[in-house]
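Colleague: I am attaching a structure below and will ask some questions about it afterwards.
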Amino acid sequence: MSIPYNNLYKILSLSACFAWAIPSLGQEGNHSIIEQEQEIEYLQWEHSQNAAGLQLDKPKQHSSLAAGYKKTDGNFRRPQAGESIGNLHLYTRGNVYLKKGYLQGYFDYSRNSICNAEYNSSLIDPFREMPYVTADTNASDWLNQHYKIGFKASSAPIAEKLYLGLGANFIASSGAKQRDIRTVNRYYQLDLQPSLSYSLNDQHHLGANFLYKNFKEEANNSNSVTHISQGYFALLGLGNSISGLGAGRTMNYQGDAFGGGVQYQYQGAIKVFLNANYTVQAEDANVTFSNPRPGGSILMKKWDGSLHLQKEGEAFLHGFRADLLQSNMNGIEYINEFISGTESEGFYTRFQSVRSKYKRQAFSGRYELLRKSGDAYNWKAAASLRYNKLDDRYLIPASQMFVENMGYGLEGHKLFSLSANLKSQLSIGLRVLLNKNFDAAYEYSGADAETLPVMDLEQRNYQFYKADYQQFEVPIYYAQQLRSNSNVQVFVKGNLQWIKTDSYTFSDRKHFNLSIGATF
């Protein structure tokens, strides 16, 4: 099914109006962006795919609108990421109670400019776990646009115990590579998440949800200078590739995902929330549209779960969160034969098999101690730990990339009340993360060990994965009422981040983010 791009902007305009209308339906009070984000952090059902349970957290009504700019520079990157990235973004979010029901929604627009990205002429997002891509050797700029809109809705209680919910997200993106081999890409994604929650009593609550996702990306390769053919590689994974000469490949990616999750919440002296999800995702990468040829497929099975603990007293709030992820993905390749004929012309698959396997394991834990002050905090401090393991294998010829990292983090934030008249607030924080590599290896056993995908692309990816680094981040918030009798508050958010590596291959990476907006 083709993407209805002619009507896309009409749909997005109506969606944006819908997202903007939610905040205007009635407000509960005067909440700064600092207070809003602090509340959202501790809403337990908010961090699950279950919209039916949102009312059990009793969220306050509020809304926000922000616009800003992000800038990233530095050579500590994977080759496909780009040396420099600039991003303009607009974001709005709001929620409202409709009688005994509940509705929240958001709209997000971003436009990014990526400079000197390498080894990608197929995907707007080269890191979305699709190994079958076309990669040329010309570093190039990309211009991309992304539209995202979504909502979560919870019904009025049925028999005072049962809630029904629905969540939905729609994403539409366009991207264009600016140098031969050029490409014009379009991507869309729609996911639906019906759900329910049931209260056994005032303390014990159960939930379940279902996920369906459909997505598609079209990549149209071409050369602007037609009398000069460009070299490219059809990547298969871990440096294995097929070299070509010309205008690249027109690719058509189509995928679906199905999944579900279960939740349990206990509301007592300690609030406990358990969330577990399982997802199966399949995606086909087909070459060309007129006579499509299977270029590869992936089948991914993913488990993820989280544990939230919260204990709140008169003066302090203790929060702990642990997350677990395990993903196993198979890469499937095909042997195809072209059959000519009036009715049967086209490619037919004679053989297919799993040729590569990709495994991810991740664990993270974070403890936060917060000194309460109204709806925000006087100060807060946190410690975090994270573990990541990557184990990728190409079966024939046997190749492997293995990386195991551990990260340790500390952070602190202090809030200053500058003016009681305009409720002026300033928050300054500091985050420090140390990443340590425990083990790493990359081995290629194929016949093309001297090709660029092996010697350059995968070697640089490997060096990035196994690099030890220190990350320093300074988030700054300022918020105040527009007028002393107004419910509108304006704010400025800034964030500075610097990543310094201990690698001989890389030096650093710098991030800058500034946004201005208002809360209602």
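Colleague: Please list, in order, the residues from segment 103-117 whose amide nitrogen is less than 14 Å from a point placed 7 Å along the Cα→Cβ vector of residue 168.
Modeller: Only 104-106 pass the distance filter.
Colleague: Out of the chymotrypsin sites (Phe, Trp or Tyr not before Pro) in segment 111-170, which ones are loop residues according to DSSP with at most 12 other C-beta atoms within 10 Å?
Modeller: Of the chymotrypsin sites (Phe, Trp or Tyr not before Pro), the ones in loops of segment 111-170 whose Cβ has at most 12 other Cβ atoms within 10 Å are 127.
Colleague: Compute the distance in nm between two label points, each set 7 Å from the Cα along the Cα-to-Cβ direction, one at residue 99 and one at residue 468.
Modeller: Placing both labels 7 Å along Cα→Cβ, they lie 6.3 nm apart.
Colleague: Could I ask something else about it? Enter the accessible area per residue of segment 148-271 (Å², integer; probe 1.4 Å; all protein chains in place).
Modeller: Ligands and nucleic acids excluded, the figure is 43 Å² per residue.
Colleague: A further question on this structure: Beyond a 23 Å Cα-Cα separation, which of these cross-linked pairs lie in this structure: 99/311; 466/493; 372/414; 389/414; 60/99; 58/372?
Modeller: 99/311; 466/493; 389/414
Colleague: Only sites in a loop by DSSP and with at most 15 other Cβ atoms within 10 Å count here; which chymotrypsin sites (Phe, Trp or Tyr not before Pro) in segment 396-475 make the cut?
Modeller: none
Colleague: Mind giving me the nanometre distance, one decimal, between the label points for residue 288 and residue 229, set 7 Å out from Cα along Cα→Cβ?
Modeller: Result for the modelled spin labels: 1.5 nm.
Colleague: By how many degrees, 0 to 90 and rounded to 10, does the Cα axis of helix 8-21 deviate from the longest principal axis of the chain?
Modeller: 20
Colleague: On the first, second and third principal axes, largest extent first, how far apart are the outermost C-alpha atoms of segment 109-195 in Å?
Modeller: 63, 25, 15
Colleague: To continue, here is another question. Wrap a convex hull around the Cα atoms of segment 363-408, take a quarter of its surface area, and give that in square nanometres.
Modeller: Details: hull surface 17.6 nm².
Over every viewing direction, the Cα hull of segment 363-408 projects on average to 4.4 nm².
Colleague: Counting Lys +1, Arg +1, Asp -1, Glu -1, what net charge surrounds residue 414 among other residues with beta carbon under 11 Å of its beta carbon?
Modeller: Local net charge: +2.
Colleague: Residue by residue, what Karplus-based ³J(HN,Hα) values in Hz, rounded to whole numbers, does segment 343-351 have, using 6.51, -1.76 and 1.60 with θ = phi - 60° and x for Gly and Pro?
Modeller: Each residue of segment 343-351 in turn: 9, 10, 5, x, 8, 10, 7, 9, 7 Hz.
Colleague: Additional query: State, as an integer percentage, the relative contact order of the chain based on alpha-carbon contacts under 8 Å between residues 6 or more apart.
Modeller: Computed over the chain, the figure is 12 percent.
Colleague: Take the solvent-accessible surface of the protein heavy atoms, probe 1.4 Å, and return the percent of it on segment 267-419 that carbon and sulfur atoms account for.
Modeller: 57
Colleague: Right, here's the next one. Check residue 316: other-chain or 5+ apart residues with amide H under 5 Å from its amide H, H built from backbone geometry?
Modeller: For residue 316, the qualifying residues are 372.
Colleague: Let me ask something additional. Which is the longest run of the chain containing none of the GluC sites (Glu not before Pro) found in DSSP loop states (not H, G, I, E, B) with at most 15 other C-beta atoms within 10 Å? List each step's numbers first, then the result.
Modeller: Working: sites that count: 28, 129, 160, 314, 343, 345, 450.
Here the longest run is 161-313.
Colleague: Given R₀ = 41 Å, FRET efficiency for residue 159-residue 129 by Cβ-Cβ distance, to 0.05?
Modeller: 0.45
Colleague: Quick one: Karplus J couplings for segment 142-153, per residue in order, coefficients 6.51, -1.76, 1.60, θ = phi - 60°, nearest Hz, x for Gly and Pro?
Modeller: 10, 10, 10, 10, 9, 10, 9, 8, x, 8, 10, 10
Colleague: While we're on this one: Calculate what fraction, in whole %, of the accessible area of segment 183-253 sits on carbon and sulfur atoms when a 1.4 Å probe is rolled over the protein chains.
Modeller: After summing per-atom areas, the C and S share lands at 56 percent.
Colleague: What figure in square angstrom, to the nearest 10, would you give for the accessible area of residue 428 with a 1.4 Å probe?
Modeller: 70
Colleague: Where in segment 72-100 does the amide nitrogen come within less than 15 Å of the point 7 Å from the Cα of residue 113, taken along Cα to Cβ?
Modeller: Backbone N within reach: 72-73, 83-89.
Colleague: Kindly provide the pair-distance distribution of segment 386-520 built from C-alpha pairs, with 5 Å bins from 0 and whole-percent values in order of increasing distance.
Modeller: Pair shares across the bins are 2, 9, 13, 13, 12, 10, 9, 8, 7, 6, 5, 3, 2, 1, 0.
Colleague: Given the Cα-Cα distance of residue 254 and residue 339 and 0.36 nm per residue of separation, how much length would full extension add, in nm?
Modeller: 28.2 nm
Colleague: Continuing with this model, one more query. Multiply the residue gap between residue 400 and residue 512 by 0.36 nm, knock off their C-alpha separation, and tell me the result in nm, one decimal place.
Modeller: Length gained, residue 400 through residue 512: 36.8 nm.
Colleague: Need one value: the accessible area of residue 182 in square angstrom, 1.4 angstrom probe, rounded to the nearest 10.
Modeller: Surface open to solvent at residue 182 totals about 80 Å².
Colleague: Also, quick follow-up: Please compute the modelled spin-label separation between residue 270 and residue 455, points set 7 Å along Cα→Cβ, answer in nm with one decimal.
Modeller: 5.8
Colleague: Another question, if that's okay. Enter the Cα centre distance for the pair segment 143-189 and segment 344-422, rounded to the nearest angstrom.
Modeller: Cα centroid of segment 143-189 versus Cα centroid of segment 344-422: 21 Å apart.
Colleague: Let me ask another. What are the semi-axes of the equivalent ellipsoid of the chain, taken as the square roots of 5 times the eigenvalues of the Cα gyration tensor, listed largest first and rounded to whole Å? Write down the numbers at each step before the final one.
Modeller: On the way: eigenvalues 352, 144, 118 Å².
Calculated on Cα positions only, the semi-axes equal 42, 27, 24 Å.
Colleague: Follow-up. Karplus couplings for segment 480-493 from phi (6.51 cos²θ - 1.76 cosθ + 1.60, θ = phi - 60°), rounded to Hz, Gly and Pro as x?
Modeller: Ordered by residue, 3J(HN,Hα) equals 7, 5, 5, 9, 5, 9, 9, 7, 8, 10, 9, 8, 10, 10 Hz.
Colleague: Grab the Cα-Cα distance for residue 367 and residue 419, subtract it from 0.36 nm times how many residues apart they are, and report the gain in nm with one decimal.
Modeller: 15.6 nm
The values are calculated or read from the model by the stated rules, or taken from the named source; none is laboratory data. The structure presented is a predicted model; accordingly, all values stated were derived computationally and were not measured. Here the Cβ is made from the backbone with ideal geometry for all residues, glycine too, and neighbour counts use every protein chain on show. For the accessible areas, the whole protein counts, side chains as well, though only heavy atoms, and no ligand, DNA or RNA atoms are used. Shrake-Rupley method; radii C 1.70, N 1.55, O 1.52, S 1.80 Å.
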